[in-house]
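Below is one structure, written out as structure tokens; the observations come after it.
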Amino acid sequence: MTVDALTDVSGLRVGHATRTGDGWLTGTTVVLAPEGGAVAAVDVRGGGPGTKETDALDPRNVVWKVEAVVLTGGSAYGLDAASGVMAWLEERGRGIRVGPEAGQVVPVVPAACVFDLGRGGDFRARPDAATGRAAVEAAAASEPGAPVPQGCVGAGTGAVAGVVKGGIGSASTVLGSGITVAALVVANAVGSAVDPETGVLYGELFQGRVEYPAEEVHARARRRLAEAAARNTQPPLNTTLAVVATDADLSKAQAQKLAGTAHDGIARAVRPVHLLNDGDTVFALATGDRALDAANPLALNEILAAGADMVTHAIVRAVRAAHPVDGPGGAWPSYGELYGAG
């Protein structure tokens, strides 16, 4: 049975650590690979990225597999969450062996951050190593194939998409070959996920027939959004993060291509995208459980196309699952509050 989320890729687990209240509105999300790791790659296209260990994922470099990927709030400060994940992995002897003894390892933990500083009211309330450890422990404690909590959790706790509240979303599909492709996204963009002329989510325009909101509903929503925009004085420093994963046996170069084409999924769901104030970053993971069909020259293309589709689906789910936030750091109505749950 599938749960239509990243955890449908066998062996992957997702854990969130969420901090709210008393000035906090942030968190960390960890994607934990099966022991032994997964082939990993990355593609960074935003003009203001905050990342850690992404150079190690270049196909020309020595790192082949990683044990975990960290997505976190807190801007560059929040990258410290990866230290807690590294410590947890080291304690279990998981990482690149660098000495003769089993415990002599260096866990390579790629990480990327979103900007959510001050959205809970306290600029200094940000994830740290303890937050990262809590998230990886939550991932490890989850059941294989467990549903992934979505909306305002983990790295999506303080996320914003334009003026609308963002969050975490996930989606998956099984191709005709039996290969699974899935995505997990933190929707936190400078651009909008909502068409200002109609109120429709951009990402849903790629999912078939769309039911447009009634004119009076859209007019009321636009007034509410204008009020929220006037109240929010912070600069538009954001970022959309994604992990796209498959159980296919991909090389590191093929995984990097998957990360690159998955950015198309962001561009379908958010406009504009990849701006100087964004740090848009996509990681790709391949667990290698299923071989590509060597007789089918389009086998990889099918995975690439599905990765972009799943990123679009995940952004739609993130925005639809989010709840409104109105506090000392700003006001962000949710899409559901404005237009209905859908």
### Task
With the Cα gyration tensor of segment 6-339 in hand, give its eigenvalues times 5 under a square root as the equivalent ellipsoid semi-axes, listed largest first in whole angstrom.
32, 24, 15
### Carbon and sulfur %, accessible surface of the chain computed with the full protein complex present, 1.4 Å
50
#### Entry: Surface accessible to a 1.4 Å probe, per residue, for the residues of segment 285-329, Å²
45
### Query
Which of these, His313, His323, His263, has the largest mean-square fluctuation under a Gaussian network model of the chain (Cα springs below 10 Å)?
His323
### Ranking by accessible area, most exposed first, for Glu215, Glu302, Glu67 with a 1.4 Å probe
Glu215, Glu302, Glu67
### Message
Can you compute the helix-only [θ] at 222 nm over the chain? Use -39500 (n - 2.57) per DSSP H run of at least 4 residues, normalise by all residues, nearest 500 deg cm²/dmol.
### Response
-8500 deg cm²/dmol
### Query
Arranged from highest to lowest average of other beta-carbon atoms within 10 Å per residue, in what order do the peptides 44-56, 121-133 appear?
121-133, 44-56
### Spatially proximal lysines relative to Lys165 (Cα-Cα < 28 Å; intrachain offsets below 8 disregarded)
Lys52
#### Entry: segment 75-206, accessible area per residue, ligands and nucleic acids excluded (1.4 Å, Å²)
34
### Task
Quick one: angle between helix 129-141 and the longest Cα principal axis of the chain, in degrees between 0 and 90, rounded to 10, please.
70
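The values are calculated or read from the model by the stated rules, or taken from the named source; none is laboratory data. The structure presented is a predicted model; accordingly, all values stated were derived computationally and were not measured. All Cβ positions, even for glycine, are placed from backbone atoms using ideal geometry, and neighbour counts span all protein chains on display. Quick note on the areas: whole protein, heavy atoms, side chains included, nothing else; ligands and nucleic acids left out. Shrake-Rupley method; radii C 1.70, N 1.55, O 1.52, S 1.80 Å.
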